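Everything on this sheet refers to the single structure shown next.
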Protein chains: 2
Amino acid sequence: MTQQDAGNRTAADYLIASKRCDIHGLEQLLDTGRLVVAVSNLIHALQRERGAANVYLASGGRRFARDLPGLRQAALKQERQFRARLTGIDPAAGAMPGASRLYSRVAYAIHGLDELRSVREEVRGLRLDPESVVEGYSQLIHGLLAVVFEAADSAVDPDISRLLVAMFHLMQGKELAGRERAIGAGAFARGEFGERLTERLRHLIDNQERCFEIFTGFADDPSLATWRRIGAGEASTELERLRRKACTAPPEQPADPDRADRWFEEASRRIDGLKQVEDQLEGSLEHLCARKLEAARDDLDCHEQHLEALAGKPDEPAAFAVFFDGGGAAAGTATYTTDVASPQLGRSLVDLVQSQSVRLQRMSEELDEARTALAERKTVERAKGLVMQHRGMTEEEAYRFLRQVAMAQSRRLADVASDAVAMVDLLREA
Amino acid sequence: MTQQDAGNRTAADYLIASKRCDIHGLEQLLDTGRLVVAVSNLIHALQRERGAANVYLASGGRRFARDLPGLRQAALKQERQFRARLTGIDPAAGAMPGASRLYSRVAYAIHGLDELRSVREEVRGLRLDPESVVEGYSQLIHGLLAVVFEAADSAVDPDISRLLVAMFHLMQGKELAGRERAIGAGAFARGEFGERLTERLRHLIDNQERCFEIFTGFADDPSLATWRRIGAGEASTELERLRRKACTAPPEQPADPDRADRWFEEASRRIDGLKQVEDQLEGSLEHLCARKLEAARDDLDCHEQHLEALAGKPDEPAAFAVFFDGGGAAAGTATYTTDVASPQLGRSLVDLVQSQSVRLQRMSEELDEARTALAERKTVERAKGLVMQHRGMTEEEAYRFLRQVAMAQSRRLADVASDAVAMVDLLREA
């Protein structure tokens, strides 16, 4: 179809165009899904490097000196794969929904990866303190997770969107577990405990649980089966015992390298288990994208054949389908039956168009549902930021503050956050 | 940028890609806006043709016989312009957000326009009854309005989205005024009044007011000024008098062609006034799109120059911006200041990336606000359809039923509708 003959385009052409858009969206989702896999692997490698760099610095270069180069190489390999995967979302194509936000997140992550090269030099020379290095890695991982968030938020298929929402929350929960590992390992290695550490650990544990709750609400059955089999939802008895030790130890304790190692091992075992669930979920995602894409392509073939057959037949005079029979589906009042892929013989063009409309409408409703989880997360983040700004609190304090308000009022955290944001909007306008 | 050198793409490349996506989205909005203008003109012409065809058929071909061919020609001319405008949203491009839904709506409308050719023949030969012809035209116009709805729903800029939301509701309100004109004119011409007519008129008037309320909530100042100047919000005293006559007349009355004419004239004056507001709003829309596009292009130029200058400078070792200084904005906790178009001198790459992120996040929040009006409309439509299906009611009865429930519970119609939809979802799952 060229621009010149647009006046001759038929209703069938636009129905086909609509179906092609569906296919195009699924093709992009397949690429996005693969990008998410690359991000997941890169984050996993960075988490391991972070943990090792932390212990290396905390021990004045004595521990992990031999492991660190290999972990760096592994992270660099994953970084190359991540950068290669970005080809799939070619900026020149440029019109993917939400692409603008995705690219802006990618720009941030790429910049962080560029900085990492020099940071590694500083770590090697023991010229940075462990806590800020952990914070820096966490920041970069946070930036990479934002890429996954946008990928989930821009998905146009409700089932795929559900898996991406599950994936984002699993990855986020795993990262919180990773931060817990780093902070705990540092504390055992240096012997620094006390109230601030307890507070941070409690925040990280609480937040992990919230993430995993959403994960279990949106994940598919095979991933949930892996999740249950590994027991990834709960920390091991040993990890719980070490958590308790960390939280009840008096502020200044002698450094205990052995306990630091045990903590690191136990936490790593848990994180590796979470990675297994992630891998399973990634498999499901790829499989679902491929299956949906195949179905959409079959559906298009089927429609093209059917429409060709219809075009051969002369128009019956009784076929005033839009004019005298089209009310229901167009007004969104058709019964919401599941659409079958193959257009049944004898279905008119208008039947096909309406079934496409109903299908798209249903999809958009289901999509809203999956996106609500993401929207609530955005609101909580924003409320946290506003509380930090207005009350001069740290991120953890702000989160705890919102949490306490929610508990005191017996309300959901997301609702309290939403009120906080709305109130600040009012203040800003006044 | 080719796929091969993706590994070499810098953070700056992705920032530029993000900005290009913004521009691309605005370019598509400019085309979509022009399509909406073409739809508005086509609907206006079809509304006039519908009114004349109605009176022509109701009078057994005696009245409006001379005007009808001219009105048909005018509608055909607008149809050609509508079809020509569709070139702007070339299906081959295919990746516009929401394009799939838009094309499916276009397919339906195009099919209706194709049918209209044969319907016109039938009208000419007096072979159809006026009521079903009015219903048929209304159906087609409903299909065209669905195109505008999708255009509004897929807009990626919050300010433009607001104008499109205002536009859709103005057009919808005007169409309800058009249906009121047709139904009233038929009633006066045939002398058929009674409870059913009263019910339909009340429904149409009530619904118009709801649409105009949303229009005034989202329209820009110049359009609101035109709206107030013309007094388009209220019906004239004469129209109100005729409305009262129509609603209080006993079921069988002698036909009154004079009163039919006065009704038609008064209602048309009002509708023409609404069209003037529509034209003003269209002007604002085009102007806003062009202005935003220009600003986005300037912003891109500015960024490109700035980034080129940055690329020339050696990286300072202190510039670990993502690593040790990036928490705030990336976590969505940056202060929500309005972004200026020109990147100030001295701003680092990460500053620019974060300001783009914050801008996009803010835009997406504002967009949600405008889309809520559309989402609520979808919910009310769906609830109406479910009530029709489950209680065997007509559209008007279903609407009145929901309205009564809302009034009895002192709640908003949209909330009652949302509950109704949620309850049916539960029933379906059980």
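The values are calculated or read from the model by the stated rules, or taken from the named source; none is laboratory data. Only a predicted model underlies this, so the values are computations on that prediction, with no experimental measurement involved. Note that we place each Cβ from the backbone using ideal geometry, even for glycine, and neighbour counts take in every protein chain shown. For accessibility, only protein heavy atoms count, side chains too; no ligands or nucleic acids. Shrake-Rupley method; radii C 1.70, N 1.55, O 1.52, S 1.80 Å.
One table, with the values for the structure above:
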{"read-out": "Residue check, A:His142 open to solvent by 20 Å² or more (accessible area, probe 1.4 Å) and closer than 15 Å to A:Ser40 by Cβ", "value": "yes"}
{"read-out": "Sole exception among (1) facing another protein chain (nearest Cβ under 10 Å); (2) closer than 30 Å to B:Gly186 by Cα for B:Glu131, by number", "value": "(1)"}
{"read-out": "Criterion (open to solvent by 10 Å² or more (accessible area, probe 1.4 Å) and either more than 30 Å from the chain's Cα centre (by Cα) or of a type in the set (Lys, Arg) (or both)) met by exactly one of B:Leu57, B:Leu30, B:Leu15", "value": "B:Leu57"}
{"read-out": "Test: residue in segment A:279-287 that is touching a residue at least 24 places away in the same chain (Cβ under 8 Å), assigned by TED's automatic domain parsing to the domain that holds A:Leu26, on the phi > 0 side of the Ramachandran plot and open to solvent by less than 50 Å² (accessible area, probe 1.4 Å)", "value": "no"}
{"read-out": "Among the candidates B:Ala383, B:Ala422, B:Ala406, B:Ala398, residue that is within 12 Å of chain A (Cβ to nearest Cβ) and surrounded by fewer than 19 Cβ atoms within 10 Å (Cβ to Cβ)", "value": "B:Ala422"}
{"read-out": "B:Ile110 being buried (at least 23 other Cβ atoms within 10 Å of the Cβ), in a helix (DSSP H, G or I) and facing chain A (nearest Cβ under 7 Å)", "value": "yes"}
{"read-out": "Qualifying positions in segment A:204-227 - farther than 19 Å from A:Leu413 by Cα and open to solvent by less than 20 Å² (accessible area, probe 1.4 Å)", "value": "A:Ala219, A:Ser223, A:Thr226"}
{"read-out": "Members of segment A:71-86 found to be under 13 Å from A:Val36 (Cα atoms) and open to solvent by 40 Å² or more (accessible area, probe 1.4 Å), listed by number", "value": "A:Gln81, A:Ala84, A:Arg85"}
{"read-out": "Qualifying residue in segment A:13-29 (condition: closer than 28 Å to A:Ser138 by Cα, modelled with pLDDT under 90 and more than 9 Å from every other protein chain (Cβ to nearest Cβ))", "value": "yes"}
{"read-out": "Number of positions in segment A:362-378 that are at the interface with chain B (Cβ under 9 Å from one of its Cβ atoms) and either charged (D, E, K, R) or under 21 Å from A:Gly173 (Cβ atoms) (or both)", "value": "4"}
{"read-out": "Criterion: in contact with a Lys or Arg (Cβ under 6 Å, 6 or more places away or on another chain) and modelled with pLDDT of 90 or more - qualifying residue of B:Leu71, B:Leu57, B:Leu113, B:Leu76", "value": "B:Leu71"}
{"read-out": "Single residue of segment B:331-364 satisfying the filter (among the small types (Gly, Ala, Ser) and assigned to a loop (DSSP other than H, G, I, E, B)) that is modelled with the lowest pLDDT", "value": "B:Ala334"}
{"read-out": "Whichever residue in segment B:234-246 is of a type outside the set (D, E, K, R) and surrounded by 18 or more Cβ atoms within 10 Å (Cβ to Cβ) and, among such residues, is modelled with the lowest pLDDT", "value": "B:Ala235"}
{"read-out": "Output for segment B:155-167, where each listed residue is of a type outside the set (A, V, I, L, M), within 17 Å of B:Asp31 (Cβ to Cβ) and under 12 Å from the mean Cα position of the chain (by Cα)", "value": "B:Ser161"}
{"read-out": "Single match in B:Ser40, B:Ser132 (criterion: among the hydroxyl-bearing types (Ser, Thr, Tyr), at pLDDT below 90 and part of a helix (DSSP H, G or I))", "value": "B:Ser132"}
{"read-out": "Those residues of segment B:157-166 which are open to solvent by 20 Å² or more (accessible area, probe 1.4 Å) and either among the polar types (S, T, N, Q) or in contact with a Leu (Cβ under 7 Å, 6 or more places away or on another chain) (or both), in sequence order", "value": "B:Asp159"}
{"read-out": "Hits in segment A:345-370 - residues which are within 19 Å of the chain's Cα centre (by Cα) and buried (at least 17 other Cβ atoms within 10 Å of the Cβ)", "value": "A:Leu367, A:Ala370"}
{"read-out": "Selected residue [surrounded by fewer than 16 Cβ atoms within 10 Å (Cβ to Cβ), out of contact with any Pro (no Cβ under 9 Å at 6 or more places or on another chain), assigned to a helix (DSSP H, G or I) and not assigned by TED's automatic domain parsing to the domain that holds A:Leu35] from A:Asp261, A:Asp272, A:Asp301", "value": "A:Asp301"}
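Here's the yes/no breakdown for (1) over 18 Å from the mean Cα position of the chain (by Cα); (2) basic (Lys, Arg):
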position: B:Arg124; (1), (2): yes, yes
position: B:Pro130; (1), (2): yes, no
position: B:Val133; (1), (2): yes, no
position: B:Leu144; (1), (2): no, no
position: B:Val147; (1), (2): no, no
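Per-residue answers, yes or no, for (1) modelled with pLDDT of 95 or more; (2) within 8 Å of the chain's Cα centre (by Cα); (3) open to solvent by less than 10 Å² (accessible area, probe 1.4 Å):
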residue: A:Ala152; (1), (2), (3): no, yes, yes
residue: A:Lys174; (1), (2), (3): yes, no, yes
residue: A:Arg179; (1), (2), (3): no, no, no
residue: A:Ala187; (1), (2), (3): no, no, yes
residue: A:Arg190; (1), (2), (3): no, no, no
